[in-house]
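The values are calculated or read from the model by the stated rules, or taken from the named source; none is laboratory data. Owing to the predicted nature of the structure, the values given are computational and were not obtained by experimental measurement. Here the Cβ positions follow ideal geometry from the backbone for every residue, glycine too, while neighbour counts run over all protein chains shown. Remember, those area values only see protein heavy atoms, side chains included, never the ligands or the DNA or RNA. Shrake-Rupley method; radii C 1.70, N 1.55, O 1.52, S 1.80 Å.
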Amino acid sequence: MKNVKEFMAEVVRKNPGEVEFHQAVQEVAESLFPFLKKNPKYAREKVLERMIIPERVLIFRVPWLDDNEEIQINTGYRVEMSSAIGPYKGGLRFHPSVNLGILKFLAFEQVYKNSLTTLPLGGGKGGSDFDPKGKSDREVMKFCQSFMTELFRHIGENTDVPAGDIGVGSREIGYLFGQYKRLKNEFTGVLTGKSLNWGGSLIRPEATGYGCVYFVQEMLKTRDESIEGKVCTVSGSGNVAQYTTEKLLELGAKVVTLSDSGGYIYKKKGLTDEDLRFVLELKNVRRGRIKECAEKLKGVKYFDGKRPWEVPCDIAFPSATQNEIDAKDAKTLVKNGCYCIGEGANMPTVPDAVKVFQNAKILYAPGKAANAGGVSTSGLEMSQNSMRTCWTREEVDEKLRMIKVNIHESCVKYGKQKDGYINYVDGANIAGFVKVAEAMIDQGVV
Ligand code: NDP
Ligand code: 2IT
């Protein structure tokens, strides 16, 4: 068997330029190699070598007409990474930065995340370099229709079930679903994150944020701590950041920051429920910039071009995008007393910063464990669609909470070190791996 360095050299050679994908695989390889040494059957079956190559990648042209009747062209992708334990499942990201390497990193992480949820979900991710910002609703609709006109032949309720991610919320899921239904003449649960009155699940919009907070509650319990009264910094102001904040306020925490790609807002006294309502209307209806909060809300300051990690806090919730906490930010957070990180975003912390957190022995879990509540509730939405039923808010919330408790237990099972420190990275990677690996071995060399 190779060592991590040799293994990674091959990954880099075979996937040139895909830096985020290299980063995600390296993290998993570092966790898994010692485990594979002790469990040689997985190495013999070349499970990891198989898992780093997608089962299928689709790349397609997405032409559409803007409001001036000008032709616009984007690239569409769907990375179908693993169907070992269920249909491909994972979000669609619409953002100008989207490329194959970013989607491969996200699809790879999704395989482990979905395995952790305890639900029968394979892993995938897709999206486009289309930028919904500044586009009219009609333009977004035309783009979504063109995107689905190709994607529809590759997905299905038992094949591949996309959902939302950055730039894809209920508006986009609606347009995508409408076009799928029209092309297939079929009303099935082919997408999750649907609106309530046509097949969506209660709590799905809230699930990633709520689930991240539930996971942090479990981490805090290991140190006899609770969320109440804690000072929290949150980055982002989209779906995940909004519902992380809502749950934190409900539990009596003080949320002092939110951000977008322009900068961050800071309120020393902590954001109120009313402030949050303002942010929801600003971001989800008017699609405005977070900066406006400093003009309209009392006690709120705006820091242009900056990230919120310079603000002292007990718990940080990076909920915007990948690599948003670098080593310098991590050192500042630890120096200022932060002792817990809840990753709402996928891979928000660069590897050197992860080391800073782990060396300081603070509570640090990777996104694939902390933010799995979104896809878990997508899994619950799929169950409800198949059963043609609709569970109550309380039922879905309780199932979500139990899933997060289970994920925490799995991380502890595989990640607890001799000194008692829980290495959640190792725990999540090994626990996520084992289920998929066993399924792959059962199903033969495929
Ligand atoms: P949204 O599109 O709703 O919000 C994204 C937020 O992040 C916005 O505030 C956006 O600011 C900010 N952001 C995006 N890109 C950047 C960037 N390059 N630099 C700084 N800020 C940025 O997305 P979500 O809330 O759904 O997703 C946030 C994160 O959570 C992503 O990493 C996603 O993969 C992850 N996630 C999402 C899940 C879900 O169910 N939605 C589930 C699990 C994880 P701006 O508007 O200025 O671009
Ligand atoms: O990163 C993620 O887990 C998501 N964007 C949600 C995926 C899903 O299928 O609900």
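Heavy-atom accessible area for Tyr339, with the other protein chains in place and a 1.4 Å probe, reaches approximately 40 Å².
Bridging of Lys268 to lysines at a Cα separation below 20 Å is possible for Lys230, Lys247, Lys254, Lys291, Lys296, Lys298, Lys301, Lys306, Lys335, once same-chain residues fewer than 8 apart are set aside.
Quick one: Kirkwood hydrodynamic radius for segment 126-274, alpha-carbon pairs, angstrom, one decimal?
Evaluated over segment 126-274, this radius sits at 17.4 Å.
Remark: segment 351-422 is approximated by an ellipsoid whose semi-axes, taken from the C-alpha gyration tensor as √(5λ), come to 33, 12, 9 Å, largest first. Accessible surface ranking for Ile441, Ile59, 1.4 angstrom probe, highest first: Ile59, Ile441. As a ratio to 2.2 N^0.38 Å, the alpha-carbon radius of gyration computed for segment 24-63 takes the value 1.64. Can you give the helix-only mean residue ellipticity at 222 nm for the chain, where every DSSP H stretch with n ≥ 4 adds -39500 (n - 2.57) and the sum goes over all residues, rounded to the nearest 500 deg cm²/dmol? -14500 deg cm²/dmol, from helical runs alone.
P(r) tail, segment 259-375: Cα-Cα pairs separated by more than 23 Å, 34% of all pairs. A DSSP coil position with no more than 16 other Cβ atoms inside 10 Å describes the following GluC sites (Glu not before Pro) in segment 59-114: Glu69, Glu70.
Ordering Arg61, Arg393 by accessible surface, largest first, gives Arg61, Arg393; the 1.4 Å probe counts only protein heavy atoms, with every chain in place. Normalised per residue, the accessible area of the chain is 42 Å², obtained with a 1.4 Å probe and no contribution from ligands, DNA or RNA. Could you list, bin by bin from short to long, the percent of Cα-Cα pairs of segment 401-446 in 10 Å steps? Reading upward from the zero bin: 28, 40, 24, 7. Contact order for the chain, expressed relative to its length and based on alpha carbon pairs under 8 Å spaced 6+ residues apart, stands at 15 percent. Convex hull volume of the C-alpha atoms in segment 38-126, normalised per residue: 108 Å³.
Each Cα pair of segment 86-178 feeds into the Kirkwood radius, which the Stokes-Einstein equation turns, at 37 °C and 0.692 mPa s, into a diffusion coefficient of 243 µm²/s. Measuring only protein heavy atoms, the 1.4 Å probe finds Thr188 accessible over about 20 Å². Within the assembled protein chains, the solvent-accessible surface assigned to Asp260 is about 30 Å², based on a 1.4 Å probe. Ligands, DNA and RNA left out, the 1.4 Å accessible surface of segment 292-345 is 51% carbon and sulfur atoms. For the pair segment 25-76 / segment 170-208, the C-alpha centres are spaced 24 Å from each other. Which translational diffusion coefficient, to the nearest whole µm²/s, is obtained for the chain from the Stokes-Einstein equation, given a Kirkwood hydrodynamic radius over C-alpha pairs, 37 °C and 0.692 mPa s? The calculation lands on 149 µm²/s. The value of relative contact order for segment 113-222, using C-alpha pairs under 8 Å at least six residues apart, is 21 percent. Dividing the mean sequence gap of close Cα pairs (under 8 Å, 6+ apart) by how many residues segment 273-415 holds gives a relative contact order of 15 percent. For segment 2-158, the fraction of 1.4 Å probe accessible surface lying on carbon and sulfur atoms is 50 percent.
Placing dummy labels 7 Å off each Cα toward the beta-carbon, the span from Glu157 to Asn3 is 5.2 nm. Once every Cα of segment 238-294 carries one equal point scatterer and solvent is ignored, give the base-10 log of I(q)/I(0) from the Debye formula at q = 0.16, 0.18, 0.23, 0.30 Å⁻¹, two decimals. Per q value, in the given order, log10 I(q)/I(0) is -0.42, -0.54, -0.90, -1.50.
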